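Where a number appears in this text, it was derived from the coordinates with a stated rule and is not lab data. Owing to the predicted nature of the structure, the values given are computational and were not obtained by experimental measurement. Neighbour counts run over all protein chains shown; Cβ positions are idealised from the backbone, glycine included.
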Amino acid sequence: MRNEMYRVSQEDYEMLESFDGCYELNAAYSDIKIMVEKIKEKDERMYAGLITEQKLMTEQQKMQFQMLASQINPHFLYNTLEMIRMKAIVAGDGETATAIKLLGKSMRYVLDNTGIQYTTLAKELSHIETYLQIQKLRFGDRVNYILECRDGLDPEHIEILPLLLQPIIENAILHGLEEVENNGRIKVTITKDPANGGCIAIAISDNGCGMDAKTLAGMRRNLEKGTMNNRYGIGLYNVNQRIRICYGDSYGLSIQSVQGEGTTVTARIRRTNV
């Protein structure tokens, strides 16, 4: 027993399955073995937590590097955009002035959230609306949108990973509404997940062409393995990975689609109040 206890003190938790001795020693050894198993499980959880934290830091650093690559003197950029906007106003081109204003607002949100781990859901939704307004200017009646927050949820007091939703909406427009010529619709609905009170479900749906069963199955596999080479599949895979690294494997993306009716991508995140 002394030898076994010495091994445990050296963090070697692979103890003997049984111990030959009197009844009292056998009972004591069994109790010690149970205690060591609990210590082992606790160490494994701590190690897994450290790995998850490191993955999140790596993911955030990668995103920060990508954003920094586009930060060529943001003040110069904003001032230039404002100058162009004023020229458009003077020329009587209100639509161009509006587009420039929206673009500047969108870029500011991206730059302001470089290296930030969390933002509020209200700010993320404001950014999403700005992005949709730009797409509305580009595509006209092909892109209409609705943003809904239900179940008494207050987006001002809910945290979310920044820049999480835009890739999903971008894919819904470029692929979901690809064949839609008019009356296209993107709907963002935020609710409490009825299956998990500590979870928020953010459903992004389109009324586009949808997917057949084979394509849908491939998209679902891609969420787990990142097997698709096109931007559509990789974008959703990356979003799913960000969610799981931050919140855990019980959270992430799911996809529902009906051919000829549209597609819904739902992001489930842990509810964290500001």
> Going through the stretch 162-238, which GluC sites (Glu not before Pro) have at most 15 other Cβ atoms within 10 Å and a DSSP loop state?
Replying inline: Glu178, Glu179, Glu181
> Want the number for Arg138 to Lys123: 0.36 nm per residue separation, take away the alpha-carbon distance, what's left?
Replying inline: 3.1 nm
> Between Lys225 and Tyr78, what length comes free when the chain is fully extended (0.36 nm per residue of separation minus the Cα-Cα distance, one decimal in nm)?
Replying inline: 49.0 nm
> In whole Hz, what ³J(HN,Hα) sequence does the stretch 131-136 give by Karplus (6.51, -1.76, 1.60; θ = phi - 60°), x for Gly and Pro?
Replying inline: 4, 5, 5, 5, 5, 5
> By how many nm would the segment from Lys40 to Asp93 lengthen if fully extended, with 0.36 nm per residue of separation less the alpha-carbon distance?
Replying inline: 12.2 nm
>> Skipping prolines and chain starts, which residues have an amide H placed within reach, meaning under 5 Å, of the one on Gln259, given they are 5 or more residues away or on another chain?
In response: Met211
> Of Gly140, Thr119, Ile100, which is farthest along the charge dipole of the stretch 78-148 in the positive direction, counting Lys and Arg as +1 and Asp and Glu as -1 at C-beta?
Replying inline: Ile100
>> Using each residue's phi in the stretch 236-244, evaluate 6.51 cos²θ - 1.76 cosθ + 1.60 at θ = phi - 60° and report the 3J(HN,Hα) Karplus result to the nearest Hz, with x for Gly and Pro.
In response: 5, 4, 5, 4, 4, 5, 4, 5, 5
> So what's the net charge close to Asn207: Lys and Arg +1, Asp and Glu -1, counting the other residues with Cβ under 13 Å from its Cβ?
Replying inline: -3
> Just how many pairs of Lys in the stretch 122-274 have C-alpha atoms closer than 19 Å, counting pairs that are eight or more places apart or on different chains?
Replying inline: 4
> Can you give the Rg to Rh ratio of the stretch 145-207, both from alpha-carbon atoms, with Rh computed by the Kirkwood formula?
Replying inline: 1.02
